[in-house]
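Student: Would you mind keeping the following structure in view while I ask a few things?
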Amino acid sequence: MPLLVPGTDLAALRTRLGAAPDAWLIACFCAAWCDTCEQYKPKLLALAETMPERVFAWIDIEEHAELLGDEEVENFPTLLVQLGGRVLFYGPMLPHIGHLERLLASLDAGSATVTTGLPDLPALLTV
């Protein structure tokens, strides 16, 4: 499955997230001006292709600030891993795709929930 962008792929995001309320959402918060993000993007896309059962989103924080609520993103990339309505990880990560691969392998439905100031991203994307 591709790396979905809310502006251009909103219908696909709605379909994927709406069809499975317990879907895994892996969202990368980035900025168009960030060279690190642009270098990370093809690696994240390649990872998304290997995990078609999960929903991967690329969210530009300047174009879609409403998806952050009151949360501030200061370091890039900042990643969100959400299972249904539960946030399992939210924070900056070194831009090495292997770190995300290991994180995803370590998480499951029994993983602890992380508290954030983020709004319910799947709910926002499916309205």
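The values are calculated or read from the model by the stated rules, or taken from the named source; none is laboratory data. Remember, it's a predicted structure, so these values are computed and weren't measured experimentally. Every residue, glycine as well, gets a Cβ built from its backbone with ideal geometry; the counts of neighbours run over all protein chains shown.
Student: So for the range 84-94 (the condition being under 19 Å from D35 (Cα atoms) and either among the hydrophobic types (A, V, I, L, M, F, W, C) or more than 15 Å from the chain's Cα centre (by Cα) (or both)), does at least one residue qualify? Let's see the steps before the verdict.
Tutor: First, pick out the residues of the range 84-94 that are under 19 Å from D35 (Cα atoms): 91-94.
Still in the running and either among the hydrophobic types (A, V, I, L, M, F, W, C) or more than 15 Å from the chain's Cα centre (by Cα) (or both): 93-94.
The answer is yes; a qualifying residue exists.
Student: Take R86 and tell me if it is of a type in the set (D, E, K, R), under 18 Å from P6 (Cα atoms) and either exposed (fewer than 12 other Cβ atoms within 10 Å of the Cβ) or in contact (Cβ under 8 Å) with a residue 24 or more places away in the chain (or both).
Tutor: Against the criterion (of a type in the set (D, E, K, R), under 18 Å from P6 (Cα atoms) and either exposed (fewer than 12 other Cβ atoms within 10 Å of the Cβ) or in contact (Cβ under 8 Å) with a residue 24 or more places away in the chain (or both)), R86 does not qualify.
Student: What residue, of L118, L103, L125, is without any contact (Cβ under 8 Å) to a residue 40 or more places away in the chain and of a type in the set (A, V, I, L, M, F, W, C)?
Tutor: Matching residue, one of L118, L103, L125: L103.
Student: Considering each of E74, E63, E49 in turn, give the residue that is modelled with pLDDT under 95, exposed (fewer than 13 other Cβ atoms within 10 Å of the Cβ), among the acidic types (D, E) and over 15 Å from P122 (Cβ atoms).
Tutor: Checking each option against the conditions leaves just E74.
Student: Which residue pairs have Cβ atoms under 7 Å apart, sit 6 or more places apart or on different chains, and have a first residue in the range 57-72 that is in contact (Cβ under 8 Å) with a residue 40 or more places away in the chain and a second that is polar (S, T, N, Q)?
Tutor: These pairs meet every condition: E71/T116.
Student: Looking at T36, T78, T50, T126, can you tell me which residue is among the hydroxyl-bearing types (S, T, Y), within 21 Å of P2 (Cα to Cα) and under 13 Å from the mean Cα position of the chain (by Cα)?
Tutor: Answer to the check: T78.
Student: Which of the residues spanning the range 10-36 are in a helix (DSSP H, G or I), touching a residue at least 40 places away in the same chain (Cβ under 8 Å) and not aliphatic (A, V, I, L, M)?
Tutor: If we filter the range 10-36 for residues that are in a helix (DSSP H, G or I), which is where we start, we get 10-19, 35-36.
Add one more test, that the residue is touching a residue at least 40 places away in the same chain (Cβ under 8 Å), and what stays is 10, 13-14, 17-18, 36.
Result: R14, G18, T36.
Student: So which residues in the range 87-127 are assigned to a helix (DSSP H, G or I) and either modelled with pLDDT under 90 or closer than 20 Å to E74 by Cα (or both)?
Tutor: Correct list: I97, H99, L100, L121, P122, A123, L124, L125.
Student: Among the residues of the range 58-73, is there at least one that is aliphatic (A, V, I, L, M) and more than 19 Å from L10 (Cα to Cα)?
Tutor: yes
Student: Can you find a residue that is more than 20 Å from Y90 (Cα to Cα), among the small types (G, A, S) and surrounded by 13 or more Cβ atoms within 10 Å (Cβ to Cβ) anywhere in the range 22-31?
Tutor: No, the conditions are met nowhere in the range 22-31.
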